[in-house]
Amino acid sequence: MKFSVLHILPRRQRKTKEEMGAVGHDPVAATVLSPVMEGSAKTVHGRFRHKLKMPQILGFVPRPRSPKPIVESNPPQTEVVMDFMENLKENRLVEACQQLLLREDQLFGQETMTVEGLVQVCNEDDKDTLQKDYETLLLHLWMAVHTTFSSTPSGEHLEILRSAVETITLLEEKDQQWEGRPEGSSEAPVWRPHQCRHTHDNLLEKMVDSQMRNATVEEDNISVSSVDNLSTSMKREVCRMGKRLKEDVLRVARDIRDCYPPDFDVCNLYVRLYHQKFSARLTELARSGLDVDDCNYLLCWVNNYYPNDILKHKDLEGHINMESLGTLLSEKDLTTLEEQYLLQKESRVRTWFSKALSKEEEGWLSGKSPELIDGYCFCPLAIDIIQAVDGAMREARTILGSEAKAQRILCQLDSFLISYKKSLEEFVKARRENTQAVVKANLVNIEQFRDFIVRREESIPEEIRTSCMSTLADLRDCGYGYFTGPIHEELRVQYHRLWTQAWFTGGQMVLDEVLGTLDRHMQQFTDLKPICVEELLGRLHMEMMVEYVKRMMKRKMRLKDKEQQETAAKLLAEDSSKLSTYFTEAGSKICWLSEVLPKMAEVVRLQDPGSIQLEIVTLARDFPDLSWRHISALLSLKANLSTADVRGIKESLEVNRPSVTSSNTNPPFFSKVPAGKFWHMPS
């Protein structure tokens, strides 16, 4: 057997106990290759590069060694130094970059003096090698950045990206060092500047473009319920792009942001790039002539989903500058789409209102009485209209992103109320068999419309609110007047007996008869909703008070002396108490009306001109619509009051009226009482 290829090494010295202890129980000692064998491919096979065992030699029996006690020790670990390619293989980009920077410093730091001056002494082969290594590094660098969105973020992936970003910073710093070298220094390498930051930003732009482009043509694991159920291809495209944008910018904020230093402002950078791509595509779609449905959906994204669900997401808070982004569409494009939406929405609302009113009119004209709910006449028209307005307003606020723009829908309510008023007035004039029940049901509608406007007072433009309230006031007059008119017509004969000699002597209980007739009429309103009964009673209370004061000021009576004036004042106070008690118990809420007759009675009772003057000023303070014609008619009841006294009262009132009217809180009353032109006017 030949061993020519195996060089027998000289016998090595026996190891110490400590050295043997580290070996353990291995009976065969590892041999060390001789310098001749080391590195020789011909003499040593590849599998023997690290450890070579002695072959079995015929007749050679290794002497067994006695076991040595194992001594535990923690020898210091030798740090493994990796070369450039090994660092790249392990994605240790910072370490690989530092090695290249060191080689660059060493290569371009050698200078010598020549006739032309100080020049670098560089080996061209070394320069070429270094340049290629830089290219290899940059390739790994951009691959690390490019995979930002390629998979679910993991600790390893983020660490590689963080290493890549730090490498960019190192290369940028080296660029700045070369740019800041003194004038006359040697030339920079051909690969300088790398401009990695610029390349990085351009790469991000391409990545974002790819992400958004792919989103428009791929499912990308977006749930079927949220995308595929959308009715048009435009909706699906916008939805996919929007969802991709949201997912990516939130990933940046949650994970990627921590891989970048603050000066990169990476959240704003990504959001700006996605905003630009999304804006460009939506602008193309907006100008492509969208139908109504697609227009609405696009506006939803522009005015609601994008600014509220994405940009205002809690994970982006404090990391992006929304104001710097601007809107997704230009003002011109946005206005065009919003006008298209509003026109079609107004048309739909107007059509729906017209159909609802026509259906209601058909019911009126059919002779049928409205249904009873909880025992009261009921009509669903107001509820349906209000719900339609609320729904249209809510949708408009969402789609337009503006309360002010959505208020334009309310103009259709104003137009509807005008049509409603015209229809109801024409129906009431016809006096059909079901008119009373229909009016009762529509009084409920009118109160519901009024309550809706009052509750929305701050959000409804003043012009629209004023117009709606004016129309509703006319509707109330029409509805309540239908019932109060016949009542007053029957009471007219009894009104004429007020403030006559028969009333004064007490021979006839005029007011008791008036209230008896009124109570009989009120029995027909048991099926009228309480809120409407309250309003009806309030109107009757006011109208009867106005009629009473009007009869009082007709000057059919002249109270000659103190006794007659005190008697009339007493009767006046009693009538006031009867009226107030009846209407308060019936449900009227106009409590301030109970103050009118007692104050007038006090003027009738007093005899001292100074006291009368003070009481007149008080009456004018509480009721600033009290005119001098009214006062003059009231004073004319007192036959013993001289012209000089009346003139003094008038002058006092003219002096004190500007200071007494500001504290009044009572609604107008005396302005409803006609002032006759033939009343006594002292000169």
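Tell me, what is the FRET efficiency for GLU124 and SER347 to the nearest 0.05, using R0 = 60 angstrom and their Cβ-Cβ distance as r?
Values: r = 79 Å, r/R0 = 1.32.
Here the calculated transfer efficiency is 0.15.
Between THR567 and THR435, how high is the FRET efficiency from 1/(1 + (r/R0)^6) when r is the Cβ-Cβ distance and R₀ = 56 Å? Nearest 0.05.
Details: r = 46 Å, r/R0 = 0.82.
With R0 = 56 Å, the Cβ-Cβ based efficiency is 0.75.
As a test question: what accessible area, to the nearest 10 Å², does VAL249 have when a 1.4 Å probe is rolled over all protein chains in place?
Surface open to solvent at VAL249 totals about 10 Å².
Which net charge results for the neighbourhood of LEU511, defined as the other residues with beta-carbon distances under 13 angstrom from its beta-carbon, given Lys and Arg at +1 and Asp and Glu at -1?
-3
Rounded, prolate or oblate: which fits segment 289-381 when a ≥ b ≥ c are the square roots of the eigenvalues of the alpha-carbon gyration tensor, with rounded for a/c under 1.5 and prolate only if a/b beats b/c?
Values: a/c = 5.61, a/b = 2.28, b/c = 2.46.
Since a/c reaches 1.5 but b/c is at least a/b, the shape of segment 289-381 is classed as oblate.
Mind grabbing the base-10 log of I(q)/I(0) for segment 460-563 at q = 0.15, 0.19 Å⁻¹? Debye formula, identical points on the C-alpha positions, no solvent, two decimal places.
The Debye formula, applied to the Cα set alone, gives -0.75, -0.99.
On the accessible surface of segment 517-590, probed at 1.4 Å, how many percent belong to carbon and sulfur atoms?
Working: 1620 of 3480 Å².
That fraction is 47 percent.
Once fully extended, how much extra length lies between ARG657 and ASP512, figured as 0.36 nm per residue of separation less the alpha-carbon to alpha-carbon distance? Mind dumping the intermediate values first?
On the way: separation 145, 0.36 × 145 = 52.20 nm, distance 3.69 nm.
Taking ARG657 through ASP512 to full extension adds about 48.5 nm, to one decimal.
Add +1 for every Lys or Arg and -1 for every Asp or Glu among the other residues with Cβ under 11 Å from the Cβ of SER369, and state the total.
Numbers: positive: LYS368, ARG432, LYS440; negative: GLU371, GLU433, ASP527.
Taking every Cβ under 11 Å from that of SER369, the sum is 0.
By its C-alpha gyration tensor, with a ≥ b ≥ c as the square roots of the eigenvalues, how is segment 558-600 shaped: rounded for a/c under 1.5, else prolate for a/b larger than b/c, else oblate?
Prolate, since a/c reaches 1.5 and a/b exceeds b/c.
Lys and Arg at +1, Asp and Glu at -1: add these up for the other residues within a Cβ distance under 11 Å of ASP474 and post the number.
With Lys, Arg at +1 and Asp, Glu at -1, the net is +1.
Scattering from the C-alpha atoms of segment 534-589 alone, worked out with Debye: what is log10 I(q)/I(0) at q = 0.19, 0.26, 0.27, 0.29 1/Å?
After summing over all Cα pairs, the log10 values are -0.73, -1.03, -1.07, -1.14.
With the crude spin-label approximation of a point 7 Å out along Cα→Cβ, what separation in nm comes out for GLU543 versus THR232?
5.6 nm
Working out 0.36 nm times the residue gap between TRP191 and GLU395, then minus their Cα-Cα distance, what length gain in nm do you get to one decimal? All intermediate terms of the calculation are to be shown ahead of the outcome.
Values: separation 204, 0.36 × 204 = 73.44 nm, distance 5.87 nm.
Using 0.36 nm per residue and subtracting the Cα-Cα distance, I get 67.6 nm.
Which pairs break 25 Å Cα to Cα here: LYS89/LYS243; LYS235/LYS359; LYS277/LYS332; LYS440/LYS554?
Violating the 25 Å limit, Cα to Cα: LYS89/LYS243; LYS235/LYS359; LYS440/LYS554.
Expressed in nm to one decimal, what extension gain is obtained for the pair HIS198 and TRP592 from 0.36 nm per residue of sequence separation less their Cα-Cα distance?
Answer, rounded to one decimal: 133.9 nm.
Nearest 20 debye, what's the magnitude of the dipole of segment 610-651 about its Cα centre given +1 on Lys and Arg Cβ and -1 on Asp and Glu Cβ?
Details: 5 positive and 5 negative charges, 26 e Å.
Using Cβ point charges on Lys, Arg, Asp and Glu, segment 610-651 gives about 120 debye.
Roughly how many Å² of THR351 are accessible to a 1.4 Å probe, to the nearest 10?
Answer for THR351: close to 70 Å² accessible.
Once you have a ≥ b ≥ c as the square roots of the Cα gyration tensor eigenvalues for segment 557-643, tell me rounded if a/c is under 1.5, and otherwise prolate or oblate according to whether a/b is larger than b/c.
Oblate is the answer for segment 557-643, as a/c is 1.5 or above yet b/c matches or exceeds a/b.
Over segment 375-440, give the accessible area per residue in Å² for a 1.4 Å probe, as an integer.
43 Å²
The values are calculated or read from the model by the stated rules, or taken from the named source; none is laboratory data. No experiment lies behind these values; they were computed from the predicted model shown. Note: ideal-geometry Cβ built from the backbone for every residue, glycine included; neighbour counts use all protein chains shown. Note: areas computed on protein heavy atoms with side chains; ligands, DNA, RNA excluded. Shrake-Rupley method; radii C 1.70, N 1.55, O 1.52, S 1.80 Å.
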